[in-house]
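First up is the structure itself, then whatever we jot down about it.
The values are calculated or read from the model by the stated rules, or taken from the named source; none is laboratory data. This is a predicted model, so every value here is computed, not measured. Quick reminder, even Gly has a Cβ in these numbers, built from the backbone with ideal geometry, and neighbours come from all protein chains shown.
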Amino acid sequence: MFKGHCSSNGAPLRIVMALLVAGALPACSDDDSTNDGSLDDSQKLSTLTDAQFGALCDWSNAKQGGYGSTTKCSDGTTVSAQKDQAACKAEDGPTITNCDQTVATYKACTLKMAEHKCDSDITAALLSQECKPLLPCLTP
């Protein structure tokens, strides 16, 4: 659920961390709840309905300031949220639908990645205890 689009000094750089960038990058809200109440934090990602997956896309992109938003980092790179819910579903669907981790784990990683959205080495956040359980979901 996480695709970030970055550029530095005009040279595009695409960070693809399948599950760990779109919803995980910039934190622009302290509200960790989903708006529609359709998600149970103990629910496995692989069991989400289309509507629930959409709600998770909405939540994770809200952590970046909303669909289509861009954050400019102090080093000149930019990090962009996904364009819309359809893009989120298309980009992240294959990873989410095959992941047996919980919504709570996904949310914790999203928030951890958001804290470190502009770090030059985002790998530390990716390997954090919050995100490490999701790493098997990234491998085909």
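Among the residues making up the range 98-122, a single one is modelled with pLDDT under 85 and of a type in the set (Ser, Thr, Tyr): SER120. Consider the range 38-67 and keep the residues that are more than 14 Å from the chain's Cα centre (by Cα) and in a loop (DSSP other than H, G, I, E, B). The one that is nearest to LYS107 (Cα to Cα) is ASP41. If you go through the range 68-97 and keep only what is of a type outside the set (Val, Ile, Thr), under 14 Å from CYS57 (Cβ atoms), modelled with pLDDT under 90 and part of a loop (DSSP other than H, G, I, E, B), you end up with just ALA81. Here ALA124 passes the criteria (1) free of Cβ contacts under 8 Å to residues at least 24 places away in the same chain; (2) within 21 Å of SER38 (Cβ to Cβ); (3) not hydroxyl-bearing (Ser, Thr, Tyr) except the one numbered (2). Screening the range 54-77 for residues that are in contact with a helix residue (DSSP H, G or I) (Cβ under 6 Å, 6 or more places away or on another chain) and in contact (Cβ under 8 Å) with a residue 24 or more places away in the chain and picking the one that is surrounded by the fewest Cβ atoms within 10 Å (Cβ to Cβ) gives GLY54.
Of all residues being β-branched (Val, Ile, Thr) and either over 14 Å from the mean Cα position of the chain (by Cα) or over 15 Å from ASP41 (Cβ atoms) (or both) in the range 103-140, which is surrounded by the fewest Cβ atoms within 10 Å (Cβ to Cβ)? Just the residue, please.
So, considering only residues that are β-branched (Val, Ile, Thr) and either over 14 Å from the mean Cα position of the chain (by Cα) or over 15 Å from ASP41 (Cβ atoms) (or both), the one surrounded by the fewest Cβ atoms within 10 Å (Cβ to Cβ) is THR139.
Checking each residue in the range 127-140 for being more than 14 Å from LEU111 (Cβ to Cβ) and in contact (Cβ under 8 Å) with a residue 40 or more places away in the chain picks out CYS137, LEU138.
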